[in-house]
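J.: Right, I'll just put the structure down here and ask away after.
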Amino acid sequence: MKHSDIIGIALCDDSHDELQSVKAFLNEYISERGLGENVSVITYNDPSDLIDDIHSDREYHIYILDIIMPGTNGLQLGKMIRQKQPDAIIIFLSSSDDFFPQAFDIYAFQYQLKPVKRHKLFEIMDKALSFFSTPKKYFSLTEKKGSIRISFDQILYAELFSRTLVLHLKDGKSYQSGYLRNSFEAMVKPLLEDPHFIHPHKSYVVNLECVRRLTPGALEISDGSSIPISRNRAANTKKAYMDFLFNGSSAAEKRP
C-alpha cells in the first residue's frame, strides 16, 4: 500500500462481543496482509465517544459502524461523518437489511449483514484499502466553455440527452457536452470499464455506489432520480446491483 500516512479505522458497535469479534478479524487481516505499520484500529463501544472525537476534529479514513445502537444510531453517525469528511469510507454492519436505502443515501461504501464473516470482511477491507493505493480516475468532458475533468467517484450517472452527454454529480451539478460525433457507448466507455458503473439502459450509465433501491423497472438514485432499466438488461442489472451490495463490486457483464 502506497500511502504516506497511517490508515486509521474507527470501529463502533455497542455490542461488546461483536465489537471484539470484528476487531479480532481486523487484527488478523492487518497481520496477514503485513500492514502492521500502515493501519491502526480504534474501537468505540459507545457512539457518543466517537461523536466527541469527531467534534474534536479527530478523523479516520475508514469507519465501520453498527447501525442499531442506542442514542445516536449508525445512520445518524454516518451522516455526521459524511458532512465533515466527504471522502471517508463508511461501512455499515447490521443484523437486518431494512436499512439499505438509508445507508446508500449517504454513499455507504459497503453494507454487511451480521454476523460478520471473516472472509467477507477481508474482501471488503481489500477493496477499501485499494482506494489509498490506486490513483483517482477522471472522466474528461468537452462542453461549450472547454474541457473539464471529473472524478469518477463524483458521478451519479451519465445520460444521453438530445445527442449530448450529460454528467450528473453528487453535489447537484451537471455538465453537458457538445453535440456527440461518436456513439453514447463510445463516449462512456471509460466508465463502463470501471466495475462501479453499469449500463441499465441504452441512454444511461449509473454509479452503483449511488443506487438507493432497485425496483422491477428502475434504479432509484440517491438524488431522487429514477433511471429506467431496459427489459433486455434487467437480469444483468439486478445481478450487478446484488453483487455490488454484498461484494462491493459488479461481477455481471455491464453490456448485455
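The values are calculated or read from the model by the stated rules, or taken from the named source; none is laboratory data. Keep in mind that this is a model prediction, so the values were computed, not measured. FYI the Cβ positions are ideal-geometry reconstructions off the backbone, even for glycines, and counts take in every protein chain you see. Just so you know, the surface numbers come from the protein's heavy atoms only, side chains and all, with ligands and any DNA or RNA stripped out. Shrake-Rupley method; radii C 1.70, N 1.55, O 1.52, S 1.80 Å.
J.: Taking the condition of being in contact with a Ser or Thr (Cβ under 9 Å, 6 or more places away or on another chain) and not small (Gly, Ala, Ser), how many residues in the range 74-99 meet it?
T.: 1
J.: Taking LYS254, is it open to solvent by 30 Å² or more (accessible area, probe 1.4 Å), at pLDDT below 90 and within 30 Å of PHE122 (Cβ to Cβ)?
T.: Yes: the conditions hold for LYS254.
J.: Within the bounds of the range 112-135, is there any residue that is assigned to a strand (DSSP E or B), touching a Leu at 6+ places or on another chain (Cβ under 9 Å) and surrounded by 14 or more Cβ atoms within 10 Å (Cβ to Cβ)?
T.: Taking every residue of the range 112-135 in turn, at least one turns out to be assigned to a strand (DSSP E or B), touching a Leu at 6+ places or on another chain (Cβ under 9 Å) and surrounded by 14 or more Cβ atoms within 10 Å (Cβ to Cβ).
J.: Any residue in the range 152-174 that is farther than 14 Å from HIS201 by Cβ and without any contact (Cβ under 8 Å) to a residue 40 or more places away in the chain sitting within a Cβ distance under 6 Å of a residue that is outside any strand (DSSP E or B) and aromatic (Phe, Trp, Tyr)? List the pairs, counting only those 6 or more apart or interchain.
T.: From residues that are farther than 14 Å from HIS201 by Cβ and without any contact (Cβ under 8 Å) to a residue 40 or more places away in the chain, the pairs are ARG163/TYR179.
J.: Sort out for me the strands (runs of 3 or more DSSP E) sitting completely within the range 1-85 that have 2 or more residues that are under 19 Å from the mean Cα position of the chain (by Cα) and buried (at least 18 other Cβ atoms within 10 Å of the Cβ).
T.: Once the strands (runs of 3 or more DSSP E) in the range 1-85 are filtered for at least 2 residues that are under 19 Å from the mean Cα position of the chain (by Cα) and buried (at least 18 other Cβ atoms within 10 Å of the Cβ), what remains is 7-12, 62-66.
J.: Further question on the same structure: Can you name the residue in the range 71-86 that is in contact with a helix residue (DSSP H, G or I) (Cβ under 8 Å, 6 or more places away or on another chain) and not small (Gly, Ala, Ser) and, of all such residues, is nearest to GLU18 (Cα to Cα)?
T.: ASN73
J.: Within the range 127-143, does at least one residue satisfy the condition of being among the basic types (Lys, Arg), out of contact with any Asp or Glu (no Cβ under 9 Å at 6 or more places or on another chain) and farther than 17 Å from LEU208 by Cα?
T.: no
J.: Condition check: open to solvent by 30 Å² or more (accessible area, probe 1.4 Å), in a strand (DSSP E or B) and of a type outside the set (A, V, I, L, M, F, W, C). Does SER140 satisfy that?
T.: Judged against the criteria, SER140 is a match.
J.: Can you tell me which residue in the range 86-98 is most open to solvent (accessible area, probe 1.4 Å), limited to those that are farther than 20 Å from SER56 by Cβ and of a type outside the set (Gly, Ala, Ser)?
T.: It comes out as ASP98.
J.: If you don't mind, there's one more thing I want to ask. Can you report the number of residues in the range 199-239 which are of a type outside the set (A, V, I, L, M, F, W, C) and within 20 Å of the chain's Cα centre (by Cα)?
T.: Counting residues in the range 199-239 that are of a type outside the set (A, V, I, L, M, F, W, C) and within 20 Å of the chain's Cα centre (by Cα) gives 18.
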